[in-house]
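**Q** Shown below is the structure under consideration.
Computed from the coordinates by the stated procedures, all read-outs in this text should not be read as laboratory data. Just so it is clear, the structure is predicted and the values come from calculations on it, not from any experiment. Note that we place each Cβ from the backbone using ideal geometry, even for glycine, and neighbour counts take in every protein chain shown.
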Amino acid sequence: MTTQRTARPRHYLMCRPSHFTVTYQINPWMDPAKPTDTALAVLQWERLYALYQELGHTVELIDPVPGLPDMVYSANGATVLDDRVLVANFRHAERKDEAAAYQAWFEQRGYQVVHAARHTNEGEGDYLVAGDRILAGTGFRTDLAAHAEAEQVLGAPVVSLTLVDPRFYHLDTALAVLDDGEVMYYPGAFSPESREVLRELYPDALLAEEADAEVFGLNAVSDGRNVLLPETAGNLADRLADRGFTPIGVDLSELLKGGGSVKCCTLELRHAPAAPGGAR
Ligand code: ARG
């Protein structure tokens, strides 16, 4: 018998890719020599934005800043738990200025803590909230020292996981949280020690194959029932369906040229506070 899955309404923050292009290379997917189509990126992104709302979720927007083409990957801007926000501190110079934009966005909305990070961390790219714990990636972008800072600022225990394959440079390219206690991941992206940690924490996890991981199948967003993932990850979609989830394939081929897909474009806000003066 397949498990009945229940969706919980979510609250997301997204950034329209109005200035999207690939002019530098900070991950193996980016190739500045390959042309990008900003209008197509916007069109594909609009579909995802509409889809979330059709599914009953609330989506807020942060204004895109000219000259920050990667800002569309809003997952990297911060990590939010209740009314505590740990703002990103980007590894590469090309993205550093995004942090101020995210910091300002959260400050204007009356979050209790909006912490400018001391250590290098790339928000929900490397921090995935899974029930009561935070799964934290390191190896390429977020510093290991940042994990302790996250634990302190967000007030939840952090489990450190080491990424070893440069194609999967952020945790959210290798692992997705499907439900509070359920994840899917591609084992090959992790060090042997981290694979062991994951096996112990999630003995029933859905293990993805390389072919699905390679098309960013794990860069997925789940509301507990619907799982939005790249439409090219067909095998993974079938296996999610076997488990009672409703997979929904999305085409974000343009944004893949920057090394991101569904999850990268989606930052989850959890139990966000109402702003003083009703600014939200
Ligand atoms: N070009 C961006 C970078 O390399 C892509 C970020 C993708 N975001 C993510 N959450 N994995 O930083």
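**Q** Be a star and scan the stretch 90-131 for residues whose amide nitrogen sits under 18 Å from the point 7 Å along the Cα-to-Cβ vector of residue 144.
**A** The answer is 119-122, 126-127, whose backbone nitrogens lie closer than 18 Å to the label point.
**Q** Could I ask something else about it? All other residues with a Cβ under 12 Å from the Cβ of residue 167 taken together, and with Lys, Arg as +1 and Asp, Glu as -1, what is their net charge?
**A** In short, -3.
**Q** Let me ask something else. In the chain, with Lys and Arg counted as +1 and Asp and Glu as -1 at Cβ, which of these residues, 187, 245, 99, has the Cα nearest the positive end of the dipole, that is, farthest along it?
**A** In the chain, that residue is 99.
**Q** Using each residue's phi in the stretch 250-259, evaluate 6.51 cos²θ - 1.76 cosθ + 1.60 at θ = phi - 60° and report the 3J(HN,Hα) Karplus result to the nearest Hz, with x for Gly and Pro.
**A** Going residue by residue, I get 10, 9, 10, 4, 5, 6, 5, 5, x, x Hz, with x marking Gly and Pro.
**Q** Once you have a ≥ b ≥ c as the square roots of the Cα gyration tensor eigenvalues for the stretch 144-260, tell me rounded if a/c is under 1.5, and otherwise prolate or oblate according to whether a/b is larger than b/c.
**A** Here the stretch 144-260 falls in the prolate category.
**Q** Which whole-number percent is the relative contact order of the stretch 147-280 (Cα, under 8 Å, 6+ apart)?
**A** 18
**Q** Rank by packing, highest mean first: peptides 72-81, 38-47, with packing defined as the count of other Cβ atoms within 10 Å averaged across residues.
**A** Ranked from most to least packed, the peptides come out as 72-81, 38-47.
**Q** Divide by every residue of the chain the summed helix terms, -39500 (n - 2.57) for each DSSP H run of at least 4, and state the resulting mean residue ellipticity at 222 nm, rounded to the nearest 500 deg cm²/dmol.
**A** My calculation for the chain gives -7000 deg cm²/dmol from helical runs alone.
**Q** For the stretch 1-128, what does the alpha-carbon gyration tensor say about shape, rounded, prolate or oblate, given a ≥ b ≥ c as the root eigenvalues, a/c under 1.5 as rounded, and a/b over b/c as prolate?
**A** oblate
**Q** Can you list residues whose amide H is under 5 Å from residue 270's amide H, if they're 5+ apart or on another chain and H is modeled 1.01 Å from N?
**A** Here 82 satisfy the definition.
**Q** Could you work out the per residue convex hull volume over the alpha carbons of the stretch 22-88, in cubic angstrom?
**A** Taking only Cα atoms, the stretch 22-88 has a hull volume of 128 Å³ per residue.
**Q** Normalised by the residues of the chain, what does the relative contact order come to in percent, with Cα pairs under 8 Å and at least six apart?
**A** The value is 23 percent.
**Q** Around residue 237, with a cut-off of 9 angstrom between Cβ atoms, what is the net charge of the other residues, counting Lys and Arg +1 and Asp and Glu -1?
**A** So the environment of residue 237 carries a net charge of -2.
**Q** Okay, moving on. Using θ = phi - 60° and the Karplus curve 6.51 cos²θ - 1.76 cosθ + 1.60, what whole-Hz ³J(HN,Hα) does each residue of the stretch 162-175 get, with Gly and Pro shown as x?
**A** Listing the rounded values in order: 9, 8, 10, 10, x, 5, 10, 7, 10, 4, 6, 8, 10, 8 Hz.
**Q** Using a Gaussian network model of the chain with C-alpha springs under 10 Å, which one of 34, 263, 96 is most mobile by mean-square fluctuation?
**A** Answer for the Gaussian network model of the chain: 34.
**Q** For a test of the definition: using alpha carbon positions, the gyration tensor, and the 1.5 limit on a/c, classify the chain as rounded, prolate or oblate.
**A** It comes out rounded by the Cα gyration axes.
**Q** For the stretch 1-120, calculate the relative contact order in percent as a whole number, restricting contacts to Cα pairs under 8 Å that are 6 or more residues apart.
**A** 26
**Q** Charges only on Cβ, +1 for Lys and Arg, -1 for Asp and Glu: so what's the dipole of the stretch 121-209 about the Cα centre, in debye to the nearest 20?
**A** Rounded to the nearest 20 debye, it is 220 debye.
**Q** Got a sec? Charge dipole of the stretch 181-255, +1 on Cβ for Lys and Arg, -1 for Asp and Glu; which of 202, 255, 221 is way out at the positive end?
**A** Most positive-ward Cα: 202.
**Q** Ok, one more. Give me the extension gain from residue 196 to residue 210: residue separation times 0.36 nm, minus the current Cα-Cα distance, reported in nm with one decimal.
**A** Once the chain is fully extended between residue 196 and residue 210, it gains 3.2 nm.
**Q** Mind putting a number on the dipole of the chain about its Cα centre? Charges go on the C-beta only, +1 for Lys and Arg and -1 for Asp and Glu, and I need it in Debye to the nearest 20.
**A** Dipole size: approximately 420 debye.
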